[in-house]
Amino acid sequence: MQTQVVKITNIKGQKHMLEEAGAIIRRGGLVAFPTETVYGLGANGLDGPACKGIYAAKGRPSDNPLILHVASRHMIGAIAAEVTPLAEKLLAAFCPGPITLIMKRKPSVPDEITGGLPTVGIRMPESDVARAFIKAAGVPVAAPSANISGRPSPTTAEAVLHDLEGRVPLILDGGPCHFGVESTIVDSTGSQAVILRPGAITEEMLAEVAGEVLIDPALVGADAIPKAPGMKYKHYAPQAPLVLIEGEPEKIAPAMQGEIRRLQAEGHRVGVIASREVLDSLGPMVPPELRADYGGQGDLPAIAANLYEALRYFDDTGADRLLAEGTTSEGLGLAIMNRLRKASGFHSIQA
Ligand code: TXA
Ligand code: MG
């Protein structure tokens with residue numbers, strides 16, 4: 001299969017292209033598309049066999065459910081059996097936006113995508129291209145991140161092409177994703193919001209609208225079984241083993257230097273993912289081609305936006321060990337640290 005990449009820069013002017021993408025979805029095919037979080041790999045969310053194509057293209061375990069993307073409140077009515085008062089509040093406050101709400105599902109949602117759960121994840125993206133594409137499809141679009149299963153999610157069309165060339169007929173290129181980490185997943189089936197996956201809509205933002213917010217215990221410790229099935233898999237993994245260095249910002253640079261020296265003495269080619277400040281402190285220890293600058297120290301929006309490209313960067317560098325600088329776990333830092341912990345397989349050094 002040939003993969004076509006089409007830049008979308010003008011939604012009105014390129015209506016025919018979006019119509020064509022929508023037609024592929026209605027015919028049971030796959031289309032990769034941009035959202036404000038990461039790129040998605042979409043199929044008709046009401047067509048079980050079409051959704052199976054997503055699992056095949058990604059190599060995704062079939063017990064890991066897909067979320068459904070909608071363009072309007074009206075579309076939610078077709079898939080959710082119940083929109084709780086909590087869900088109503090969250091919809092009003094955050095949709096469209098980088099959030100996925102877990103709701104009770106209608107029988108119209110095919111079993112192929114739910115992993116046997118009585119619920120479904122529903123997301124209304126903020127990205128105009130994403131919403132125009134879903135509107136053109138005219139059906140809820142099932143879409144996981146458009147990466148090969150286990151790899152860092154793609155935040156550019158190039159990263160999608162790298163993983164899925166020959167496995168998807170069409171990639172809509174909307175440029176780099178604004179947030180860079182996947183949506184916050186919130187269980188809204190009860191009266192209290194529960195964060196199942198942290199993202200750009202933070203605990204603090206949710207608490208302002210919904211009162212006290214719970215966090216799935218599996219997100220903080222490695223032991224418990226996560227309520228979002230996908231969170232149990234090793235994820236976001238670069239090709240070389242990664243160790244996370246965390247602690248007070250001013251202690252990171254010396255700890256990083258010590259660890260680099262130790263690994264280099266063992267003969268390793270060490271790559272470093274860190275803030276500009278920490279990279280600057282390394283001097284000639286680490287050559288430019290083994291550095292990925294993820295943004296200024298403490299600049300959480302920039303770090304989130306750059307993180308997955310930084311993890312992917314090292315695939316072609318011959319680095320056989322990676323060290324990454326941790327951030328705070330407050331605010332957006334919870335999402336960043338969750339992805340870094342998983343990318344490291346929970347290997348970290350306290351600075
Ligand atoms: O930002 C995003 O959410 C991106 C873009 C493309 O929209 N999508 C995304 O999809 O990250 P995916 O499949 O990579 O992650 C969805 C997560 C998985 O961990 C899955 O297990 C969980 O959502 N999930 C899906 N349905 C669920 C349900 N009914 N209950 C709990 N977790 C669910
Ligand atoms: Mg994913």
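Note on Glu204 and Ile148: their simple-model spin labels are 3.9 nm apart, each label 7 Å out from Cα toward Cβ. Taking 0.36 nm per residue of separation and subtracting the current Cα-Cα distance, fully stretching the chain between Asp315 and His16 would add 104.0 nm. Full extension of the chain between Ala265 and Ser72 yields a length gain of 63.8 nm, computed as 0.36 nm times the residue separation minus the alpha carbon distance. Sort out the exposed loop GluC sites (Glu not before Pro) in the chain (DSSP loop, at most 10 other Cβ within 10 Å) and tell me the longest stretch that has none. With a cap of 10 other Cβ atoms within 10 Å, the longest stretch comes to 1-211.
How much FRET efficiency would the formula 1/(1 + (r/R0)^6) give for Glu88 and Ile215, where r is the Cβ-Cβ distance and R0 is 25 Å, rounded to 0.05? E between Glu88 and Ile215, to the nearest 0.05, is 0.70. Estimated purely from DSSP H runs of n ≥ 4, each contributing -39500 (n - 2.57), the mean residue ellipticity at 222 nm for the chain is -9500 deg cm²/dmol once divided by its residues. Applying 1/(1 + (r/R0)^6) with R0 = 35 Å to the Cβ-Cβ distance of Ala23 and Ala81 gives a FRET efficiency near 0.75. Annotation note: chymotrypsin sites (Phe, Trp or Tyr not before Pro) in region 271-351 located in DSSP loop regions with a Cβ neighbour count of at most 12 within 10 Å are Phe346.
Take Arg269: with every protein chain present and a 1.4 Å probe, its accessible area is about 100 Å². With each label modelled as a point 7 angstrom along the Cα→C-beta vector, the Glu158-Glu289 pair spans 1.7 nm. Taking the chain as a Gaussian network of alpha-carbon nodes connected by springs under 10 Å, the highest mean-square fluctuation of the residues Thr156, Thr327, Thr84 belongs to Thr84. Each Cα pair under 8 Å and six or more residues apart adds its separation to the average, and for region 242-350 the resulting relative contact order is 40 percent. Placing +1 on the Cβ of every Lys and Arg and -1 on the Cβ of every Asp and Glu, with nothing else charged, gives region 242-350 a dipole about its Cα centre of roughly 280 debye. Most tightly packed first, judged by the mean number of other beta-carbon atoms within 10 Å of their residues, the peptides 100-107, 71-78 read 100-107, 71-78.
Accessible area of the chain with a 1.4 Å probe: how many percent of it is carbon plus sulfur? Carbon and sulfur: 54 percent of the exposed surface of the chain.
Taken about its Cα centre, the chain carries a charge dipole of about 1080 debye when Lys and Arg each add +1 at the Cβ and Asp and Glu each add -1 at the Cβ. Stretching Thr328 away from Lys7 to a fully extended chain increases their span by 112.0 nm, per 0.36 nm per residue minus the current alpha-carbon distance.
The values are calculated or read from the model by the stated rules, or taken from the named source; none is laboratory data. Since we're looking at a predicted model, the values are computed, not measured. Heads up, the Cβs are rebuilt from the backbone with ideal geometry, glycines too, and the neighbour counts pull from every protein chain shown. All accessible areas refer to the heavy atoms of the entire protein, side chains included, with ligands and DNA or RNA removed. Shrake-Rupley method; radii C 1.70, N 1.55, O 1.52, S 1.80 Å.
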